[in-house]
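I have placed the structure first, in the form of structure tokens, so that the comments after it can refer back to it.
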Amino acid sequence: MQNIFDKLNRPVKDLRISVTDRCNFRCTYCMPKEVYGEAFKFLPKEELLDFDEIEKIAKTFASLGVTKIRLTGGEPLVRKNIEKLIKRLSKIEGIEDIAMTTNGYLLEPKLDSLIESGLNRITVSLDAIDEKTFKKMSDQNFDVNKVLSAINKANEKGFEQIKINCVVQKNVNEHSILDLLNYFKETNNIVRFIEFMDVGNLNGWELSQVLSIQDILEIIEKKYKVRTLDENYPGEVAKRYLLEDYSTEFGFISSVSKPFCTSCTRARITMDGKLVTCLFANNGLDLRKPIRNGCTQKELDEIISKVWENRSDRYSEIRHELTESKNHKKIEMFQIGG
Ligand code: SAM
Ligand code: SF4
Ligand code: SF4
């Protein structure tokens, strides 16, 4: 294995693979129905990377220093035979950890096969546990209890410290902050509050809708005694905290108020094979074409290394300059999966 570094001396360590652009939810901040309604044309199957292609890309990244893979989407559990892909990825030399980010709705019946395939960790996105807000934010008439039950079953079957990610939007789900902590405080799952981000171009993001870490912490501290925890490893993205009376961890992901670009070691692959080096990029390099043209593993290695070695992204640190210009077009969140 050789390690490669970008222009800001960041190695590539994590690979996020979006396995589909489709989703069973229509979260208003990610795939608003006005845009992604019945008439929206998702990519035909042949445009998605197939499992051979995904494996080839993952192998290349593993040889360049990646040890962790996260499957995302769209909703990764709507991709057919996802377990077969996980099994293949888990056998790649150098890959130590495979995780999945899911909305959890289709999770429960798949738990056994996911465990069997070698999935190590699950993150469940859950913005509210009251039926009304859950339905409003996912914009579907779905039962939140199905997600809660899947999390519980996943715990019973051995998934520990499941991350429960909640995107907080001002005047939409502020009440979920305490709801979620109350609900999960006696489990060993970790609720993490995510600042609403200006990803994509279509969710009508405005700074006034963002509740910062500080705002969220103030709400929590009115009810709970909290203290900070040390990083698990240098450059950890989430800021860790403890509910002291319960010894329960929770955390924050604060791309807006406290950017973490200096330690960003993530590469992202879109469902159609574009290599994207920043969550807020406006494009990526097409890997599908050279792969379909029969490039060798070594050639793919060179293509990917060149992109990473030229990388200097730090969007969150320079957000203000860019959003003021208003011309900065970005890839949509469901295409790169967070
Ligand atoms: N469908 C899966 C899910 O929701 O977990 C995986 C893909 S989803 C795009 C990945 C994560 O991105 C979710 O946790 C979602 O809440 C988050 N997300 C989407 N749009 C966002 C935004 N504008 N700001 C912050 N987080 C966002
Ligand atoms: Fe689907 Fe996830 Fe986007 Fe919600 S956040 S619409 S669940 S891809
Ligand atoms: Fe990484 Fe881009 Fe996010 Fe900065 S803005 S942490 S470079 S993905």
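Summary of computed values
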item: Pick from region 224-255, criterion part of a loop (DSSP other than H, G, I, E, B) and aliphatic (A, V, I, L, M), ranking: most open to solvent (accessible area, probe 1.4 Å); result: L229
item: Residues of region 1-39 that turn out to be open to solvent by less than 80 Å² (accessible area, probe 1.4 Å), more than 16 Å from ligand 1 (Cβ to nearest atom) and either among the hydrophobic types (A, V, I, L, M, F, W, C) or not in a loop (DSSP other than H, G, I, E, B) (or both), as a count; result: 3
item: Identity of the residue in region 276-290, open to solvent by 10 Å² or more (accessible area, probe 1.4 Å) and under 19 Å from G65 (Cα atoms), that ends up farthest from ligand 1 (Cβ to nearest atom); result: T277
item: Subset of region 102-133 [out of contact with any Leu (no Cβ under 6 Å at 6 or more places or on another chain), within 13 Å of ligand 2 (Cβ to nearest atom) and open to solvent by 10 Å² or more (accessible area, probe 1.4 Å)]; result: N103, Y105, S125, D127
item: Meets criteria (over 19 Å from S149 (Cα atoms) and part of a loop (DSSP other than H, G, I, E, B)) for G74; result: yes
item: Residues of region 138-166 classified as within 13 Å of ligand 1 (Cβ to nearest atom) and in contact with a strand residue (DSSP E or B) (Cβ under 8 Å, 6 or more places away or on another chain), total; result: 8
item: Conditions (1) in contact with a Pro (Cβ under 9 Å, 6 or more places away or on another chain); (2) more than 16 Å from ligand 3 (Cβ to nearest atom); (3) closer than 30 Å to P234 by Cα; (4) at pLDDT 95 or above; number of the one not met by T20; result: (3)
item: Residues of region 276-332 that turn out to be at pLDDT 95 or above and among the aliphatic types (A, V, I, L, M), as a count; result: 8
item: C261 vs. criteria more than 27 Å from R22 (Cα to Cα), open to solvent by less than 30 Å² (accessible area, probe 1.4 Å) and either hydroxyl-bearing (S, T, Y) or without any contact (Cβ under 8 Å) to a residue 24 or more places away in the chain (or both); result: no
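The values are calculated or read from the model by the stated rules, or taken from the named source; none is laboratory data. Everything quoted here is computed from the prediction, not taken from an experiment. Neighbour counts are summed over all protein chains in view; Cβ atoms, including those assigned to glycine, are modelled from backbone coordinates with ideal geometry. Heads up: the accessible areas ignore ligands, DNA and RNA and are worked out on the full protein's heavy atoms, side chains in. Shrake-Rupley method; radii C 1.70, N 1.55, O 1.52, S 1.80 Å.
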